[in-house]
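Down below is the structure, laid out as structure tokens.
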Amino acid sequence: MKIYRLSGHPKSMDINLEDSEHLLNSDFNGNPLREDWEPAKVVTVHKRLYQDFPDFTLGKLIVTDEVKEIMASSLQTQVEFLKLIHDSLDLYVVNVINILDCVDWQRTDVMYTSKGRFSRFNTIFFDLSKIPSGTSIFKLKETASHQIYVTHEFKKSVEQYKFKGLDFTMVFDSDFDKDQEDRQKQEYENMLVEIERNKGEEYTYVDARELVDRGEAMASGQWKMQLNRQGQFLLGELLKDVSYQWMIPAYIPPVLLLKSWHKVKKSEI
């Protein structure tokens with residue numbers, strides 16, 4: 001089984017919410033929302049090329065009515081489709097309510113805070129015996145507010161109907177063996193070396209943060225910060241698969257305030 005992490009494609013249209021107090025701006029942590037939902041008014045920020053999966057913000061999947069009609073039967077009780085209001089498109093936000101406890105904690109590389117609380121997954125492995133047959137989309141309670149996972153069945157449907165606007169990053173392959181794991185580790189270490197090579201002028205966190213607000217991307221080791229297409233500040237950490245896991249930080253870990261930062265190429269987010 002292959003499992004993927006979802007993210008928006010750089011060519012997807014951007015939409016934004018008119019009423020910042022609406023439930024659409026809340027954390028989607030897997031709880032049903034249909035009973036309290038009122039259709040949210042959204043507007044186009046950047047039209048771009050793809051419209052099947054408009055990009056709103058991290059952790060939320062937006063689809064057109066066409067995508068909904070095609071994929072509803074396969075998603076069934078795993079999601080809620082919640083109506084949005086848009087001037088030219090019939091749109092829905094997909095609230096993933098399928099929360100699985102399927103992490104293989106013996107193999108997964110986990111980062112904890114100094115107080116012993118869960119921080120993030122560095123490398124994740126899944127226990128397939130805990131993923132029910134027919135699962136297409138799910139979340140984990142540890143990362144439910146910002147991360148959606150899908151199986152190959154979801155990806156296959158998107159490709160079959162030629163829907164555009166999603167990026168799939170494979171985070172787990174049940175056929176992944178020890179040699180592949182060693183190669184991935186080496187690629188990760190090589191990436192860190194490349195980030196630090198020829199880094200040029202270094203900046204304090206305060207100066208680096210000001211440069212980010214001016215449109216620069218700044219890096220320090222496995223950490224990277226920049227603005228996304230909506231102008232939101234994001235903090236990213238390089239994962240073992242050499243992709244970045246992005247988050248809108250509630251606070252900045254103190255250790256990052258002491259690091260030196262340098263300019264790097266921006267990511268498409």
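On the basis of being touching a Lys or Arg at 6+ places or on another chain (Cβ under 9 Å), farther than 22 Å from T64 by Cβ and polar (S, T, N, Q), does T143 make the cut?
Yes: the conditions hold for T143.
State whether one or more residues within the range 258-269 are at pLDDT 95 or above, touching a helix residue (DSSP H, G or I) at 6+ places or on another chain (Cβ under 6 Å) and either assigned to a loop (DSSP other than H, G, I, E, B) or of a type outside the set (D, E, K, R) (or both).
Yes - at least one qualifying residue is present in the range 258-269.
Within the range 42-65, count every residue that is of a type outside the set (S, T, Y) and free of Cβ contacts under 8 Å to residues at least 40 places away in the same chain.
Counting residues in the range 42-65 that are of a type outside the set (S, T, Y) and free of Cβ contacts under 8 Å to residues at least 40 places away in the same chain gives 5.
In the range 171-215, which residue that is open to solvent by less than 70 Å² (accessible area, probe 1.4 Å) and of a type in the set (V, I, T) is nearest to I124 (Cα to Cα)?
V171
So, in the range 61-85, exactly how many residues are in contact with a Lys or Arg (Cβ under 7 Å, 6 or more places away or on another chain) and either among the charged types (D, E, K, R) or not in a strand (DSSP E or B) (or both)?
Qualifying residue count, the range 61-85: 1.
Would you please name the residue that is nearest to the chain's Cα centre (by Cα), looking only at residues in the range 125-142 that are part of a loop (DSSP other than H, G, I, E, B) and polar (S, T, N, Q)?
Once the filter is applied, the top-ranked residue is S136.
Can you confirm whether the range 11-26 contains a residue that is surrounded by fewer than 19 Cβ atoms within 10 Å (Cβ to Cβ), closer than 23 Å to F138 by Cα, out of contact with any Lys or Arg (no Cβ under 8 Å at 6 or more places or on another chain) and acidic (D, E)?
Checked against the condition, which is being surrounded by fewer than 19 Cβ atoms within 10 Å (Cβ to Cβ), closer than 23 Å to F138 by Cα, out of contact with any Lys or Arg (no Cβ under 8 Å at 6 or more places or on another chain) and acidic (D, E), the range 11-26 yields no hits at all.
Whether any residue in the range 161-183 is part of a helix (DSSP H, G or I) and modelled with pLDDT of 90 or more is what I want to check.
No; the residues of the range 161-183 include none that is part of a helix (DSSP H, G or I) and modelled with pLDDT of 90 or more.
Could you tell me which numbered condition M225 fails, if it satisfies all but one of (1) open to solvent by 90 Å² or more (accessible area, probe 1.4 Å); (2) outside any loop (DSSP other than H, G, I, E, B); (3) of a type outside the set (S, T, N, Q); (4) within 21 Å of S145 (Cβ to Cβ)?
The failed condition is (1).
The values are calculated or read from the model by the stated rules, or taken from the named source; none is laboratory data. All values derive from a computational prediction rather than experimental measurement. Virtual Cβ from ideal backbone geometry, glycine too; neighbours counted across all protein chains shown. For the accessible areas, the whole protein counts, side chains as well, though only heavy atoms, and no ligand, DNA or RNA atoms are used. Shrake-Rupley method; radii C 1.70, N 1.55, O 1.52, S 1.80 Å.
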